[in-house]
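Quick notes on the structure that follows.
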């Protein structure tokens, strides 16, 4: 079955992107910085999707370096320069992620493909850049898992809200701009003092017994969880108001959360009961496995919104971790647990890349554009 129906492709003529960024730092000063970067460093022949891809690669490179030195990810210290490189990578990603839309408007090349490609890379940023901060802040295996979801859930819920309202709202709390700045600062601290600093007890750092016995990294994670969940509550209220105003079926709206919920809970339960202790022994692989599910399910939701077509909540991808969970509960064999994990992991990689290539080529052919190149515009005629 194709990912894009002919009806969905025909509906692209109604496409219009709408978004609001309430970031304090972006509106205070960073927007002017991004405008300057767009005009200074990116020529008119450079396609927005190419900028998006280069931005994503700017975090893939330091992630590869970090995994080379710390393949186990947690409670491991890489060379200090690796954390400085990671901070630089996230800074570049933020610039490229905000320049690509400006370049699209500047060259008159905005398209549904550009939105999907941009937000698809954003969804992959969650596990890839997350791996940098998980190691840089000295999280344990389950702290890493919780940190992944503390950023992933607000991101997904914002797009769930957009599915209903037609507008992507990046709020004051849990805003990606401030989140990325915090990540950069945290990684620079790790570059100067080493990641072990984040594992120290808060009371030791304060020099007084004022807080429960939690580490600095746990304290920071709690702040991220609180801000993220407040945004989730805001998204939910916005959706419920929209559903009530348009007299839609609230159960149908909540069912849109079903695939991600099943994938998340089943994967978490599998790793919790895993005979092979998969999350503790293969942390990076586990996070990337969930990250691919996360990105795939979110992209299917975005496609349904953009093409004004039905979203199929019974997509079989979320059954992959269910199979692993059932095997872990009833088989309880360590080697079978490992073999099955890598089996569904490879299958998820194949499904994901088939999906990406198919959607990109289909949209490019229908819109009669190229993904990574554009026809240069005459400066006086650019939009």
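Considering only residues that are surrounded by fewer than 15 Cβ atoms within 10 Å (Cβ to Cβ), within 22 Å of the chain's Cα centre (by Cα) and within 14 Å of residue 305 (Cβ to Cβ), which ones fall in the range 1-27?
Result: 18, 19.
Quick one: in the range 119-146, which of the residues that are at pLDDT below 95, more than 26 Å from residue 42 (Cβ to Cβ) and within 12 Å of the chain's Cα centre (by Cα) is surrounded by the fewest Cβ atoms within 10 Å (Cβ to Cβ)?
Result: 130.
Look through 253, 190 and report the one residue that is within 30 Å of residue 312 (Cβ to Cβ) and at pLDDT 90 or above.
From the options 253, 190, the qualifying one is 253.
Considering every residue within the range 53-71, establish whether at least one is closer than 25 Å to residue 131 by Cα and outside any helix (DSSP H, G or I).
Within the range 53-71, one or more residues are closer than 25 Å to residue 131 by Cα and outside any helix (DSSP H, G or I).
Out of 197, 173, I need the residue that is touching a residue at least 12 places away in the same chain (Cβ under 8 Å) and in contact with a helix residue (DSSP H, G or I) (Cβ under 6 Å, 6 or more places away or on another chain). Which one?
So the residue among 197, 173 that is touching a residue at least 12 places away in the same chain (Cβ under 8 Å) and in contact with a helix residue (DSSP H, G or I) (Cβ under 6 Å, 6 or more places away or on another chain) is 173.
Can you name the residue in the range 72-118 that is under 16 Å from residue 136 (Cβ atoms) and assigned to a loop (DSSP other than H, G, I, E, B) and, of all such residues, is modelled with the highest pLDDT?
Looking at the filtered set, the residue picked out is 79.
Are any residues in the range 266-278 closer than 18 Å to residue 139 by Cα and surrounded by 23 or more Cβ atoms within 10 Å (Cβ to Cβ), and if so, which ones?
271, 278
To keep it simple, each residue is scored yes or no on (1) crowded, with 16+ Cβ neighbours inside 10 Å; (2) closer than 16 Å to residue 301 by Cα; (3) at pLDDT 95 or above.
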position	(1), (2), (3)
214	no, no, no
223	no, no, no
227	yes, no, no
234	yes, no, no
241	no, no, yes
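Being under 18 Å from the mean Cα position of the chain (by Cα) and under 13 Å from residue 98 (Cβ atoms) is the filter; apply it to the range 28-53 and report the residue that is surrounded by the fewest Cβ atoms within 10 Å (Cβ to Cβ).
Looking at the filtered set, the residue picked out is 51.
What are the residues in the range 294-320 that are free of Cβ contacts under 8 Å to residues at least 24 places away in the same chain and more than 18 Å from residue 262 (Cα to Cα), if any?
Scanning the range 294-320 gives a single hit, 310.
Does the range 149-163 include one or more residues that are crowded, with 20+ Cβ neighbours inside 10 Å and over 25 Å from residue 253 (Cα atoms)?
No.
Is it the case that the range 42-54 has a residue that's free of Cβ contacts under 8 Å to residues at least 24 places away in the same chain and more than 28 Å from residue 195 (Cα to Cα)?
Among the residues of the range 42-54, at least one is free of Cβ contacts under 8 Å to residues at least 24 places away in the same chain and more than 28 Å from residue 195 (Cα to Cα), which makes the answer yes.
Name the residues in the range 337-373 that are over 25 Å from the mean Cα position of the chain (by Cα), in a helix (DSSP H, G or I) and either surrounded by 16 or more Cβ atoms within 10 Å (Cβ to Cβ) or in contact (Cβ under 8 Å) with a residue 12 or more places away in the chain (or both), would you?
337, 338, 340, 366, 367
Restricting the search to the range 181-190, which residues are surrounded by fewer than 21 Cβ atoms within 10 Å (Cβ to Cβ) and either in contact with a helix residue (DSSP H, G or I) (Cβ under 7 Å, 6 or more places away or on another chain) or part of a loop (DSSP other than H, G, I, E, B) (or both)?
Across the range 181-190, the qualifying residues are 181, 184, 188, 189.
Just one of the numbered conditions (1) under 19 Å from residue 157 (Cα atoms); (2) crowded, with 21+ Cβ neighbours inside 10 Å is not true of residue 282; which one?
It is condition (1) that residue 282 fails.
The values are calculated or read from the model by the stated rules, or taken from the named source; none is laboratory data. Worth saying up front: this structure is predicted, and the values here are computed from it rather than measured. Counting neighbours? That spans all protein chains shown, and the Cβs are built from the backbone with ideal geometry, glycine included.
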